[in-house]
Amino acid sequence: MTDTKRKGSEPEQFTNQPAAVSEEEDLGYIELADDVIAIVASLAALDVPGVVAMSTGFREGISNFLGKKSLAKGVRVKVTGHSCRISVYVTVEYGCNIPEVAMKLQKKIKSSVDEMTEYTAEFVDVHIEGVRRREKSALEISFNNPDEEKQGTIFN
């Protein structure tokens, strides 16, 4: 008797809740292109201090030559189910600790891909393709060479 009385006095939110969940499951299938995961990984890699640029392979170099710019350059992704393996090809800044930068890259890319895509980045392979000096900004150039910057300014 308490069961029937309980069902009648309870609001219908408990009986409708499983139906709402099943409706959401029936909406369709969500699939991300490999390029989406590669773009997330590339942008995350560029946020790591010590990374100067993403390296391009031969195939990507030809695409860039033909005018096709890719935000996912320097990243290769292999997806299996809801997990993926990511290979990142980067150029690092001269003077940085390369193993430390590589570890930061792995952690940053893994967390970004896991959070944004809900795919699990099982492996993040880092390939250091080169070492380069960071380009100086206009402000740094003006401090180092004050005479050069004065030419062509309104303060002459």
Quiz item: If packing is taken as the mean number of other Cβ atoms within 10 Å per residue, what is the order of 99-106, 40-47, 135-142, highest first?
Solution: 40-47, 99-106, 135-142
Exercise. Please work out how much length the chain gains when fully extended from residue 120 to residue 56, using 0.36 nm per residue of separation minus the C-alpha to C-alpha distance, in nm with one decimal.
Key: 20.6 nm
Quiz item: For the residue pair residue 129 and residue 26, what label-to-label distance in nm results when each label sits 7 Å from Cα along the Cα-to-beta-carbon direction?
Solution: 4.9
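Each reported figure results from applying straightforward, stated rules to the coordinates on display, with no laboratory input. What you are looking at is a predicted structure, and each value in this text was computed from that prediction instead of being measured. Positions of Cβ are generated from backbone atoms using ideal geometry, with glycine treated the same way; all protein chains shown enter the neighbour counts.
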